[in-house]
Amino acid sequence: MAAPDARNIDYDYTGSGKTKPTHGATRVTDLLRSITAQYERAGNFKHKMRFLIGIQLDILDDFHDRLRGSLEAYQSITSAVGRTLHGVTKEQLAALEGTGALETLCKVYGSSDHVVNTLKDWSNEDLFVTLWDELQTRAKPGNEPAEIAGDMSYEEVKDRTSTETVTLLPFDVMCKMFISEFRYHFMSDKPTSKPEALGTHCFPWFLATIEKWEDFFRDNLGHMLAAKLKDTPAANNTVYIDPVCAFVTTMLPVLREKVHTVVADAVNVPTFLSSLIGQLMTFDDNVRARFSYDGGNSEDGWA
């Protein structure tokens, strides 16, 4: 992962996916595969779990941190919030000229997509199916905690294998970037945070941001969401399966937070409250019409 070309896209990669990973990503999966080969013939369950939890998961965690770091670095030099807080050098700006910014995202997306698909393939292999079944058996009530995996107790194994982490996929991280920018513009001490600016600045920014990234999300994240949600109840829900609707869904909580704050001020000013209701209805119509957003309710729409 620390090799000079680790962050370069491996254009010679011939996998079945639609994306190209970085050299670092392919080396990570190669390393994980070689480690598996070292312990898969061992008869001792606890020995296998030690390799899986103590070595392979550490490697995945390290690579995940690198991917997240790349996205955070991208955010710091491309968003207004990041540039204000951290500044940006001429060299960093030059690296993002032309297709540089898109290439940065493609590196993270291609790498995470490669790792996720590889892990999905492995999850169906006999070794890992057997390990999972054995782990479930040992974790049943009545078994002693120390029997789970060597000297690792039930709680230690649970914490190591079941803790919720940020997804490797760039979708959530990208949305966090936009949420941070929203808060910077509309929930701070800036003039655009004033209640009167909700309809003139906040709503237009929200719609323009979704529209600006609409094509990117559809072209690059649609198949990812389809694969992730396949055979789940969410597979037929547009707010999850459609990447742009998923983007809107992710952004709405912070917008609602802003609207509730404005409404609290508006209740004491009847003329402003009346104007605000009209602005909300117009915004509602725009979201429905421009992005086919129904809030997960195809019959009644969203409110």
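The values are calculated or read from the model by the stated rules, or taken from the named source; none is laboratory data. These numbers come from a predicted model, not from an experiment. Don't worry about glycine lacking a Cβ; one is built from the backbone with ideal geometry, like all the others, and counts go over all protein chains shown.
Could you tell me whether LEU207 is under 30 Å from GLY15 (Cα atoms), hydrophobic (A, V, I, L, M, F, W, C), surrounded by fewer than 18 Cβ atoms within 10 Å (Cβ to Cβ) and at pLDDT 85 or above? For LEU207, the condition - under 30 Å from GLY15 (Cα atoms), hydrophobic (A, V, I, L, M, F, W, C), surrounded by fewer than 18 Cβ atoms within 10 Å (Cβ to Cβ) and at pLDDT 85 or above - is not met. Condition (residue is hydroxyl-bearing (Ser, Thr, Tyr), under 17 Å from ARG7 (Cα atoms) and surrounded by 15 or more Cβ atoms within 10 Å (Cβ to Cβ)) applied to the stretch 52-73: is it met by at least one residue? Yes: the stretch 52-73 contains one or more residues that are hydroxyl-bearing (Ser, Thr, Tyr), under 17 Å from ARG7 (Cα atoms) and surrounded by 15 or more Cβ atoms within 10 Å (Cβ to Cβ).
Just to be sure before I move on: is ASP151 over 23 Å from MET174 (Cα atoms), modelled with pLDDT under 85 and not β-branched (Val, Ile, Thr) in the structure I sent? Against the criterion (over 23 Å from MET174 (Cα atoms), modelled with pLDDT under 85 and not β-branched (Val, Ile, Thr)), ASP151 qualifies. Only one of the listed residues (ALA37, ALA2) is at pLDDT below 90, out of contact with any strand residue (DSSP E or B) (no Cβ under 9 Å at 6 or more places or on another chain), surrounded by fewer than 13 Cβ atoms within 10 Å (Cβ to Cβ) and not in a helix (DSSP H, G or I). That residue is ALA2. For the stretch 16-41, a tally of residues being within 16 Å of CYS106 (Cα to Cα) and not basic (Lys, Arg) returns 8. For the stretch 95-103, the count of residues that are buried (at least 17 other Cβ atoms within 10 Å of the Cβ), touching a helix residue (DSSP H, G or I) at 6+ places or on another chain (Cβ under 9 Å) and at pLDDT 60 or above is zero. In the stretch 199-210, the residues that are aromatic (Phe, Trp, Tyr) form Cβ pairs under 7 Å with partners that are in a helix (DSSP H, G or I), at six or more places apart or across chains, as follows: PHE203/GLN279; PHE203/PHE283; TRP205/HIS185; PHE206/MET251; PHE206/LEU255.
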